[in-house]
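Report on one structure; see the data block that follows.
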Amino acid sequence: MRNVSELKKALKQTKFPEFMERLRFEKGPNGLWFYRSRGILIDVLLIQPLAGGNGMRLHLSTTTLDLLTDFDRDRFPRGFYSAFGNVSRLFLTKKGIRFAGYDWPTEDEVQVRESVLKICEFVRSDLIPWYNNIRTRKDLYDSIHDDVKYDNGSFSEHLVRVLLVE
């Protein structure tokens, strides 16, 4: 897929949005991310088209609007795609949920269809159970990769303050 609109069209043809809706996810306003609200928690699957149109990367995270300090929560879900930071630093890969990203091939409709079939398998087998195990702020904190929690920066302090102290 050479551009974002072609990728969106190809994803729509695979019925991926309908698949996610059956899992109670809503499509984000720009069509390249899906979210499911569970109280204060928001499960996110964000599709990042890669330069050159030859792939896509799937970011996954559970988050809470409290972590997004510069986001106008009254506008949610508008603007969330650009404000979202992959809090967990995890990705959906051909080996399941991993810290390192994986580029799902999208050079043509056949590759998109094959990628989406595998992605749907992993969403059912790995991703939904992973999301469902995050039920509290503490669970959310525990789901975040250690490189993020212990980077000694202001964001790691913010994580502790929002998820463990407040």
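For the stretch 1-22, a residue qualifies if it is surrounded by 13 or more Cβ atoms within 10 Å (Cβ to Cβ), over 17 Å from residue 118 (Cα atoms) and without any contact (Cβ under 8 Å) to a residue 24 or more places away in the chain, and the qualifying residues are 9, 21. Please verify whether residue 41 is in contact with a strand residue (DSSP E or B) (Cβ under 6 Å, 6 or more places away or on another chain), surrounded by 15 or more Cβ atoms within 10 Å (Cβ to Cβ) and over 19 Å from residue 80 (Cβ atoms), treating the condition exactly as stated. Spelling it out, it is not the case that residue 41 is in contact with a strand residue (DSSP E or B) (Cβ under 6 Å, 6 or more places away or on another chain), surrounded by 15 or more Cβ atoms within 10 Å (Cβ to Cβ) and over 19 Å from residue 80 (Cβ atoms). If you scan the stretch 39-78, which residues turn out to be outside any helix (DSSP H, G or I), free of Cβ contacts under 8 Å to residues at least 60 places away in the same chain and either farther than 17 Å from residue 120 by Cα or acidic (Asp, Glu) (or both)? Those that are outside any helix (DSSP H, G or I), free of Cβ contacts under 8 Å to residues at least 60 places away in the same chain and either farther than 17 Å from residue 120 by Cα or acidic (Asp, Glu) (or both): 39, 42, 49, 50, 54, 68, 70, 71, 72, 76, 77, 78.
When 31, 101 are screened for being touching a Phe, Trp or Tyr at 6+ places or on another chain (Cβ under 6 Å) and either charged (D, E, K, R) or assigned to a loop (DSSP other than H, G, I, E, B) (or both), only 101 passes. Only residues that are under 18 Å from the mean Cα position of the chain (by Cα) and open to solvent by 50 Å² or more (accessible area, probe 1.4 Å) were counted across the stretch 111-125, and they come to 5. Looking only at the stretch 63-110, residues that are more than 26 Å from residue 141 (Cα to Cα) and either out of contact with any helix residue (DSSP H, G or I) (no Cβ under 6 Å at 6 or more places or on another chain) or surrounded by 18 or more Cβ atoms within 10 Å (Cβ to Cβ) (or both) come to 6 in all. Answer with yes or no whether residue 24 is part of a loop (DSSP other than H, G, I, E, B) and modelled with pLDDT of 90 or more. Considered against the rule, which asks whether it is part of a loop (DSSP other than H, G, I, E, B) and modelled with pLDDT of 90 or more, residue 24 comes out as yes. Residues of the stretch 126-154 that are free of Cβ contacts under 8 Å to residues at least 24 places away in the same chain, closer than 14 Å to residue 61 by Cβ and among the aromatic types (Phe, Trp, Tyr): 141 alone. For the stretch 130-160, filtered to residues that are farther than 21 Å from residue 101 by Cβ and acidic (Asp, Glu), the residue that is least open to solvent (accessible area, probe 1.4 Å) is 139.
The values are calculated or read from the model by the stated rules, or taken from the named source; none is laboratory data. Small disclaimer: the values here were computed from a predicted structure and weren't measured. Positions of Cβ are backbone-derived with ideal geometry, glycine not excepted, and every protein chain shown enters the neighbour counts. The area values use the complete protein model at the heavy-atom level, side chains included, leaving out ligands, DNA and RNA. Shrake-Rupley method; radii C 1.70, N 1.55, O 1.52, S 1.80 Å.
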